[in-house]
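A quick write-up on the structure given underneath.
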Amino acid sequence: MKGLNPCGIIIFGASGDLAHIKIFPALYNLWDEGFFPDNFFITGFARTKMDDEQFRKTIYDSMNIYCRKRPIDVKHFKDFSKHINYLSMSYNDIKSYESLKTFTETKSKEYGMPKNLIFYLSTPPSVYQDVVEGLNNSGLASNKEQKDGFSRIVIEKPFGYDYESANELNSDILSAFQERQIYRIDHYLGKETVQNILAFRFANAIFEPVWNNKYIDHIQISALESIGVGSRAGYFDNAGIIRDMMQNHMLQLLSLVAIEPPAIFDADDLSNEKAKLLKSVRRLTINDVRNNVVRGQYDRGTIGDNEEALSYREEKGIPVDSITDTYVALKLYIDNYRWAGVPFYIRSGKRIKEHKTEIAIYFKKLPHSLFGKNSVENLEQNIITITIQPNEGIELKIGAKSPGFKMEIEPVELSFFYKSSFKGTPPEAYERLLYDIMEGDQTLFYRTDNMLISWKLIGDIINGWKSLPAPMFPNYESGSWGPKEADELINKDGRAWHNEI
Ligand code: BG6
């Protein structure tokens, strides 16, 4: 990767968890690896009262817990942190933005650099609109072609609560910035293994010809976590897994597995293909929601060998009668030439037995078996498993002759693992995403149309649930594989969830 342009990064919500756990460690790593020029500044903006030194100390402390390069050398950190300042301000007061404007102008002059500004919204969504308005009214934001620098806005998920609120928020942002200035973050797109889905499909001659309904029986996409809701009760209980994971990460994974090859690998072409794909996902009727969507909520249980877990309703800050989903499994169809008739089973849940994110592509069974004892039924299907995390890699299950005098077939794996093939660790998702934002490359971010179509698809489910009887929660034990209804969803089609052992 090449060195970055001089710029000022303004982080709204800088005193919060995301800034401390993800954003600052990523910025530090990019700086440590020499990507930053000498002239850059990072300004934290939040309500909490602190001075520069106190703020830098909170960053240093959290970096020693979360940064992949910990422990952090104090002297080295000082060199980095002299670029960091903190402003304690109010999100809905124009004066705060005017002071910020003066501050950024002074800093740009001090560093002798163009007015290249990145506004990173790492606040709770409830203040997104205030910030956008403040940036707009103070003249900090500019959607005009600027000669003296660029301005970009970065916005975290959740992007809206439903189609209408997402659309409204989007219009607000578009009144201050143009689409090419907006970076909507889905951190899954920054993961190396997620980008590798496209490399696997489009940089190899052998897979693409069989990547369709002639050869593929079905596809499973799973993001399973053993952690519970943790300290995010307030946010999560309003969102549920459906908004927290399905609307964004899972539909993005689905897009990458299923899109047509873009003409060129760039932001526009990729977004065009994703939009085309998402538009081909069959909308769910209320009957589909009843029959093809399973929701769950975790009960008490045991994680691993001996971690006793509370039920969701017993977690701090969760109402005792909450009907928020902590697990969702669903079956979708994509109505286009490539995928007609191929079911996609997608599931995500918290407090599940194993922590793993993977995509499993099941190929069709053979039409005929040559091998005596191995009937067509007991010859295993070819399966490609793309493991996004942990043990990042790709495996292909094939049939091989087992040793001995008989012609008997056993399944074996051909595999590639990141750790062994590419020594060293890949950059973390946030490092890659921040690098691209500074570079002005939107390929790994999602565009307005993609975001709105995703909300429409998820809206069908949320609205369907409103007209169905309230669920009987909790309905799966912590440390299990999820509700038994999720097994039934796939078992009734004569299939089973991948790698449940
Ligand atoms: C976040 C969700 O977007 O992704 C969390 O809000 C979830 O609930 C997390 O735990 C999972 O991300 P990762 O990178 O750990 O798979």
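Screening the stretch 335-351 for residues that are part of a loop (DSSP other than H, G, I, E, B) and either within 16 Å of the ligand (Cβ to nearest atom) or among the basic types (Lys, Arg) (or both) and picking the one that is farthest from the chain's Cα centre (by Cα) gives 338. Can you tell me how many residues in the stretch 422-454 are buried (at least 17 other Cβ atoms within 10 Å of the Cβ), in a helix (DSSP H, G or I) and away from the ligand (no atom under 16 Å from the Cβ)? Total satisfying the criteria: 8. Taking the condition more than 16 Å from the ligand (Cβ to nearest atom), polar (S, T, N, Q), surrounded by fewer than 19 Cβ atoms within 10 Å (Cβ to Cβ) and within 30 Å of residue 179 (Cβ to Cβ), does residue 213 pass? No; evaluated as a whole, the condition is false for this residue. In the set (1) assigned to a strand (DSSP E or B); (2) polar (S, T, N, Q); (3) within 14 Å of the ligand (Cβ to nearest atom), the condition left unmet by residue 391 is number (1).
With 440, 404 as the choices, which residue is over 27 Å from residue 209 (Cα atoms), small (Gly, Ala, Ser) and more than 25 Å from the chain's Cα centre (by Cα)? Just a single option satisfies the conditions, and that option is 404. Taking into account only those residues within the stretch 183-210 that are within 20 Å of residue 16 (Cβ to Cβ) and of a type in the set (D, E, K, R), which is surrounded by the fewest Cβ atoms within 10 Å (Cβ to Cβ)? The extreme case among them is 184.
The rows are residues; the columns are (1) buried (at least 16 other Cβ atoms within 10 Å of the Cβ); (2) within 22 Å of residue 330 (Cα to Cα); (3) away from the ligand (no atom under 16 Å from the Cβ); (4) modelled with pLDDT of 95 or more.
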| site | (1), (2), (3), (4) |
| --- | --- |
| 217 | yes, yes, yes, yes |
| 241 | yes, yes, no, yes |
| 275 | yes, yes, yes, yes |
| 286 | no, yes, yes, yes |
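Among residues of the stretch 223-249 that are without any contact (Cβ under 8 Å) to a residue 12 or more places away in the chain, none has a beta-carbon under 9 Å from a residue that is hydroxyl-bearing (Ser, Thr, Tyr) and within 8 Å of the ligand (Cβ to nearest atom) at least six positions away or on a different chain.
With the condition kept exactly as written, say whether any residue in the stretch 382-389 is touching a Ser or Thr at 6+ places or on another chain (Cβ under 8 Å), polar (S, T, N, Q) and surrounded by 18 or more Cβ atoms within 10 Å (Cβ to Cβ). The answer is yes, given that some residue of the stretch 382-389 is touching a Ser or Thr at 6+ places or on another chain (Cβ under 8 Å), polar (S, T, N, Q) and surrounded by 18 or more Cβ atoms within 10 Å (Cβ to Cβ).
Of all the listed residues (337, 327), the sole one being in contact with a Gly (Cβ under 8 Å, 6 or more places away or on another chain), under 30 Å from residue 192 (Cα atoms) and not polar (S, T, N, Q) is 327. Pairing residues of the stretch 376-392 that are on the phi < 0 side of the Ramachandran plot with residues that are of a type in the set (Phe, Trp, Tyr), at Cβ distances under 6 Å and at least 6 apart in sequence or on separate chains, gives 381/362; 381/363; 382/363; 383/362; 392/418. Close Cβ contacts (under 8 Å, 6 or more residues apart or on different chains) running from residues in the stretch 3-27 that are on the phi > 0 side of the Ramachandran plot to residues that are not hydroxyl-bearing (Ser, Thr, Tyr) comprise 13/19; 13/45; 13/46; 13/121; 13/124; 13/127. Checked against (1) in a helix (DSSP H, G or I); (2) in contact with a Leu (Cβ under 7 Å, 6 or more places away or on another chain); (3) within 16 Å of the ligand (Cβ to nearest atom), residue 160 passes all but a single condition, namely (1). The residues on offer are 56, 70, and the sole one that is without any contact (Cβ under 8 Å) to a residue 24 or more places away in the chain and either polar (S, T, N, Q) or touching a helix residue (DSSP H, G or I) at 6+ places or on another chain (Cβ under 8 Å) (or both) is 70.
The values are calculated or read from the model by the stated rules, or taken from the named source; none is laboratory data. Being a predicted model, the structure only gives us computed values, none of them experimental. Using ideal geometry, Cβ is built from the backbone for each residue, glycine included, and neighbour counts are taken over all protein chains shown.
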